[in-house]
Amino acid sequence: MNYFVIGDQDTVLGFSLAGVEGKAVSCREETETAFSEVINKSDIAIVVITEKCAGWIRERIENYLFTKDFPLIVEIPDRTGPDPGRPSLKQTINAAIGIRI
């Protein structure tokens, strides 16, 4: 099971120190290209993408999440922190399971 990260240069560099392959992107078009390339790789099981990058291709990611099983798409904050207005992980879990933890 391999990981792949799509994000800003600092995020990709940080993951590369742990041996995770990735693609640094700085605009919507680069994100689209990187996402298209990685979802067609059979050896990638988890794609980690920063919230900012995911926002650039939000519709495509949501369509993908509801039609495919793999790879799993995981959104993380970039070095500037979480996007305002996005629910925290705790809020997402509470909504998913219906109880407060």
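Structure notes:
- Remark: region 23-32, residue by residue, has Karplus-estimated 3J(HN,Hα) of 9, 7, 10, 9, 7, 4, 4, 5, 5, 4 Hz, where x stands for each Gly or Pro and the curve is 6.51 cos²θ - 1.76 cosθ + 1.60 at θ = phi - 60°.
- Sequence-distant residues sharing a close amide H with residue 20 (under 5 Å, placed H): none
- Proximal lysines to residue 41, defined as alpha-carbon separation beneath 19 angstrom and excluding residues fewer than eight positions away on the same chain: 23, 68
- Between 90, 52, 41, the GNM of the chain built on Cα springs shorter than 10 angstrom shows 90 fluctuating the most.
- Å² of accessible area per residue within the chain, as computed with a 1.4 Å probe and no ligands counted: 66
- Net charge dipole, the chain: roughly 380 debye, given to the nearest 20, about the Cα centre with Cβ charges of +1 for Lys and Arg and -1 for Asp and Glu.
- Kirkwood analysis of the Cα pair distances in the chain returns a hydrodynamic radius of 14.2 Å.
The values are calculated or read from the model by the stated rules, or taken from the named source; none is laboratory data. Treat the numbers as computed from the prediction; the structure is a model and nothing was measured. Methodologically, a virtual Cβ is constructed for each residue, glycine included, from the backbone with ideal geometry; neighbour enumeration extends over all protein chains shown. The protein model used for the area step is the full one, side chains on, heavy atoms only, and it has no ligands, DNA or RNA in it. Shrake-Rupley method; radii C 1.70, N 1.55, O 1.52, S 1.80 Å.
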